[in-house]
1. What's the number of the only condition in (1) of a type in the set (S, T, N, Q); (2) loosely packed, with under 15 Cβ neighbours inside 10 Å; (3) assigned to a helix (DSSP H, G or I) that Ser321 fails to meet?
2. If we keep just the residues of segment 91-115 that are at pLDDT below 80 and within 12 Å of the ligand (Cβ to nearest atom), which is nearest to Lys70 (Cα to Cα)?
3. Tell me which of these Pro258 doesn't satisfy, since it passes every other one: (1) within 13 Å of Leu171 (Cβ to Cβ); (2) buried (at least 21 other Cβ atoms within 10 Å of the Cβ); (3) within 16 Å of the ligand (Cβ to nearest atom).
4. Would you check which residues across segment 277-322 are within 16 Å of Pro348 (Cβ to Cβ), more than 16 Å from the ligand (Cβ to nearest atom) and polar (S, T, N, Q) and list them?
5. What is the residue count in segment 75-107 for residues that are of a type in the set (D, E, K, R) and surrounded by 14 or more Cβ atoms within 10 Å (Cβ to Cβ)?
6. Considering only segment 55-83, state which residues are more than 19 Å from Leu10 (Cβ to Cβ), part of a loop (DSSP other than H, G, I, E, B) and either within 12 Å of the ligand (Cβ to nearest atom) or in contact with a strand residue (DSSP E or B) (Cβ under 7 Å, 6 or more places away or on another chain) (or both).
7. The conditions are (1) farther than 22 Å from Leu183 by Cβ; (2) touching a residue at least 24 places away in the same chain (Cβ under 8 Å), and Ala369 fails exactly one of them. Which is it?
8. Take Asn420 and decide whether it is without any contact (Cβ under 8 Å) to a residue 24 or more places away in the chain and within 15 Å of the ligand (Cβ to nearest atom).
Amino acid sequence: MANQRTNRTLTTLSQFTSQTPNVHYIPPSSTDFDKLRTIYAYPEKVPLAILRPSTESSLAKTISFLSTNKIDFTLRTGGHHMHGRSTKPDTVVVDLRLLNTVTLDEDAVGSIASVGYVRWAMYGGYGAYASRFGLDPDAESDLLKGIRGAGGAFGVILDLTVRVYKLSSILVGIIVFDSSDLLGVVRKFEDGYRALSNGSNGLPAPLYLHQVILNFPTPVFGAMFMWADEDTAIGEEWIEKICALAPVMSRTVTQTTPLAWLDEQSKLVAQNTQGRMWTINLRQITDEAAGVIGEFTGDRRFLDDPHVLFNIHELRGGSPSTTRQGAGIGKDSVFNARDPHFVIEICPTVSDTAKLEGALTWGTEFCDALKATEKGDILEASYVSFLAEDEFDHANVYGEHLSFLKEVKAWLDPENVFQNAISYL
Ligand SMILES: Cc1cc2nc3c(=O)[nH]c(=O)nc-3n(C[C@H](O)[C@H](O)[C@H](O)COP(=O)(O)OP(=O)(O)OC[C@H]3O[C@@H](n4cnc5c(N)ncnc54)[C@H](O)[C@@H]3O)c2cc1C
């Protein structure tokens, strides 16, 4: 029965694409199918077929055709959602990667319409420039408020206009700390970093630290140091202050351009893996939380696989996305995690399938142990892009914006055509 239905749908798709210019049809029999269906994790998610519209009008025809024929579909660009939400088994993938025009206004405020960037930006967009320039849903005031934080629940986002900041050089690189006693080094670092953050002058806006623990080949704790300002003299002073927080094993911080760093960074992470992630937002990394992190990432408990990752992103007080909310930025967004916080990213991702079950147990226990720390230090809202469907608590994620979002959904997508969007409205 299921096979007959599948064959009928494939025939319908084949007929539609043969009559519709600019939609490439990739059925499972195509030699390109495996390459094009690959996403960051979840290799077991095999879609029914892939449709690749290359123009705005062919995209509109594709969505209309699928919804009229009640054919379930997902939207896909970079395929880097941590729970593989761009692909669903036995469901059509509408692959948007051919719609990849970028136009840059040379007068510094320009527009970017790019694949990959869109989903990162519409649900959150944590990154090394957030302390200075803010999160990405706050970047432009003329985007629909609901899209900024709830993204694809209302349709396909085809085009974005974003403010571009000129930054010709940065100081960036990894500081690796002596991790022979991982628990000890994590606690020592967090203690010093808390003191620097809470000190009378706080941390300067151009400074961003992305803490990371990975196997190198045994577990090591490091911090990606970013100084997002051309004035490197003060940045150099901050390298020394961060290096003084704990004994340093190696450091690669150097002056470069944002583009060169982007290239370098993409070489550091695996292109494909297996597993998932757990997340929690903490107001601060207390000594109690540092103890849990050190215990689960130390030699005794960290997974023995090159893909396993532990990361911490940060939205600091002082970032435009926290402090300037009252002054305008963030008011037209449903992004709710506005208090300063750390985004904890536990990624039990593995290269070896045999290790997957143990990895997932490790991830659950690690996250549960952090959830059992002091309640007052845990933010109710978590980062939408990192939550799995069964963890998604709308009231916590969207807070007071939830009723507004439901109204917009009822207005724009009453039939729930975009039911597979990760905001699950
Ligand atoms: C290795 C790695 C590192 C990461 N680092 C960071 C980080 O530093 N900071 C951060 O904030 N996040 C980070 N993320 C999370 C990532 O930014 C988000 O998951 C983002 O959504 C991925 O974008 P994508 O193009 O790969 O999306 P996809 O996986 O293709 O899609 C994600 C979701 O958006 C939907 N969608 C895709 N395109 C559209 C569209 N045009 N219109 C409407 N809906 C659409 C899809 O259906 C899916 O539900 C990281 C993820 C990975 C795997």
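1. All conditions are met except number (2).
2. My answer is Val115.
3. (2) is the only condition that Pro258 fails.
4. Answer for segment 277-322, where residues must be within 16 Å of Pro348 (Cβ to Cβ), more than 16 Å from the ligand (Cβ to nearest atom) and polar (S, T, N, Q): just Thr297.
5. Residues meeting the conditions: 6.
6. Across segment 55-83, the qualifying residues are Thr77, Gly78, Gly79, His80, His81, Met82, His83.
7. Ala369 satisfies every listed condition except (1).
8. So Asn420 fails the test.
The values are calculated or read from the model by the stated rules, or taken from the named source; none is laboratory data. All values derive from a computational prediction rather than experimental measurement. Every residue, glycine as well, gets a Cβ built from its backbone with ideal geometry; the counts of neighbours run over all protein chains shown.
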